[in-house]
Structure formats: C-alpha cells, structure tokens
Amino acid sequence: MIVFETLVLIGVACIIGAVVGGGLKLVNVELPLIDSLARQLLLGVVGIVIIVVAVATKPAGGNGNGGTGPPDLGEAALTLSRVAGPPGMSLTVGGTGFASGETVAVRFHVQDIGEVTADGSGSFAGMTIVIPTNWVFEGQFQVVATGSSSSKSASQSFEVPRPTLELSPTDGPAGTQVTVTGSGFAVAEEIEVEFNLDRLAVVQADGEGRFSATVIIPADWPFSGEFDVRATGETSRRTKNAPFDVQ
C-alpha cells in the first residue's frame, strides 16, 4: 500500500494547500507559491488529478506496492488425509493460500494440536496431527488452520464416531461364553470389559479404535434378566453398554 498511500497523501496535501491559501487570502494573508487565485486553483486541480491517478492505478488484490510485493493468494484451503476416525487417530494435513513463511497454527475444535511453517508459496504439506486421545465427544468437529501474520483461516470437518458394542450371543445361562466386539474407542487404548460391576477382561484397541474379546458370564451369577456388559476406555473414558439376558 506504500505507493498508493503516498500518492493519496500528496493529492490531499495539494487540495488542503489550495483551500488554505484561498482562505488566508480572504483575510489579506498571502503565502509564497499560493498567493494568487490561479496558483491555488492549479494546486487544487493537481491534487485531484494525483488522487484520481492513484485510485485508477491501484493494483488489483490490494497489495498496493506496484506489484512488487507477495501476490494475493486468495482464500486459504485445508486438506485432510481422512475425514473420520476415533480419538488418537493420526492424519496428515496440508494447506494453501497462507502468507509466505508464516507460522500456521492448527487446532481441533478449540484444542491446539500443532504448528507448521508455510513455504515460499504460502503452502504446507505432510503435517501429522493426532486427534486428542481423551476426546469423549462424538460428531462433526472442525480442524482449523490459522496464519499468524495473515490471519487467514481454513477448516475441514472431521467426524469422531460414537462408540459401539455388540455381543454374540446376546442371551444364555450363567457361564455362557460371549464374544464382545466394539469400535469408536481411542487408538491402542486399554479397554475394560465388565458384566454388571464385575471385571471380565482388559483388552487393547487396534489402530482404528476397535477391539474384540471373549468373556464368560460369571457361572455363579444367581439372577435372571437383562444385565449390562460395559466397555470403558481407560484413556478416552468413552463407554458403551450392551444388554445380556441371563436365562
């Protein structure tokens, strides 16, 4: 904006000089160079012409420096290597349209998760981020990148699925062997499987937040009816119940 602002200031100064010169002449005060009406009119016209030229030649995109500064890269954009996954999931982030060499901060929803430096073209690629392992919420959340100097921002949605839990079989007498499968837990976390309040197993989730365990309904369970089998992630604190009907 240096050239544009300088020209505008010169033009405004000329107009002010013409007005001031005319005003002073009314009270019989004359200043050198602007002591005649012709000079005052000429100075005012020159000021107007300079402002018109400055506005007409202002570069598109608003960098205002005659095209010698960094180009306006337009809107910032963000890409994700995947758009859904459980807590603890790693993904790769890329971005374009930021300022050259600026620091770009990345957050998940409102939680800061990393920074990266944009290259000379205002882009970055290959940044690895991890969805917080203690994220207990489910649904669509925004991964947001914000440039520290340009204040440009871009975002993409990332879906954290709800936990699921399935039993096979879903009923039987005390002492029944049951396969418990679950998903939507944090990557590689330990998961406690309980029947009512009795711990039946501790199993580790895989790289997608899934697990499978074989448990036995306590053989000495004295009651009949539906009771919950519960899976709880020890890191994410995510939990899910599924009923088992003791016959």
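The values are calculated or read from the model by the stated rules, or taken from the named source; none is laboratory data. Being a predicted model, the structure only gives us computed values, none of them experimental. FYI the Cβ positions are ideal-geometry reconstructions off the backbone, even for glycines, and counts take in every protein chain you see.
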**Request:** List the number of the failed condition for Ala201; all other conditions in (1) assigned by TED's automatic domain parsing to the domain that holds Thr103; (2) surrounded by fewer than 18 Cβ atoms within 10 Å (Cβ to Cβ) hold.
**Result:** (1)
**Prompt:** of a type in the set (S, T, N, Q) and more than 10 Å from the chain's Cα centre (by Cα) - does that describe any residue in segment 122-131?
**Reply:** yes
**Message:** When you check Gly122 against the structure, is it surrounded by 15 or more Cβ atoms within 10 Å (Cβ to Cβ) and assigned to a loop (DSSP other than H, G, I, E, B), yes or no?
**Reply:** yes
**Asked** Going by the conditions given, is Val178 in the same structural domain as Arg238 (by TED's automatic domain parsing) and aliphatic (A, V, I, L, M)?
**Response** yes
**Item:** Checking Glu208 against (1) surrounded by fewer than 17 Cβ atoms within 10 Å (Cβ to Cβ); (2) in contact (Cβ under 8 Å) with a residue 60 or more places away in the chain; (3) over 16 Å from Lys240 (Cβ atoms), the condition it does not meet
**Value:** (3)
**Request:** Pick out the one residue from Gly95, Gly182 that is closer than 30 Å to Pro218 by Cβ and in a strand (DSSP E or B).
**Result:** Gly182
